[in-house]
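Some notes on the structure that comes next.
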Amino acid sequence: MKSSLTLCISLCTLITVCSSEESNLQDTCPTAPTAKQGIFINGYPCKNPANVSASDFKSSKLDRPGNTDNFLRSALTLVTALDFPGLNTLGLATSRTDLDVDGLQIPHSHPRASEIVFVSKGVVLVGFVDTQNQLFQKTLKAGDVFLFPRALLHFCLNAGYEKAVIFSVLNSQNPGVVRIADAMFLQDEGDVMEKLVSRIKSSVAALEMSGGVIT
């Protein structure tokens, strides 16, 4: 009985200590240069504060288009704390999506993040599906923003006649990406992917015709 009580008190103390501080304990914590990792933590080690500079908080990794010369005619460039040191411990990541004419970002989810997208150029059809299989969809033009809730399947499709560019911010420094095609077909190429993309576009069009889409 005494040992059980001691165990309960110890567990309660540990839980209190672990949950007592959720915020950053320092102003900044830019990612330290990569080295052989001997200890594993939830994030990346911080640079020595004496070596932190303004350059740690600037990135130019989204200034050029991604390569859209592929079957989906799209490219996603995701920048996390590993590439952008200043993001470390702040719970943020950013990305750029380039969509050629008829380009598609196939349905995918981010298990650890919500995503807010900003259309910089072009006309883009975006949408997500909730746990009740209800589709929420909008056509966006340059200057519009849209929100994809955490972990829900979502997609982007170029609905215009020129290349489109989208910039995003995600509220996790490592949001993760789960693509429906990769998960189901283990990156099976060719006919399976082609049929899936065709089915997605046909389903969206059919829902629009039937009035089953929230716009």
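The equivalent ellipsoid of region 49-165 has semi-axes of 27, 18, 12 Å, largest first, where each one is the square root of 5 times an eigenvalue of the Cα gyration tensor. Of interest is the spacing of the C-alpha centroids, which for region 130-151 and region 91-113 amounts to 12 Å.
Bear in mind that the values in this text are calculations on the coordinates, not laboratory data. Just so it is clear, the structure is predicted and the values come from calculations on it, not from any experiment.
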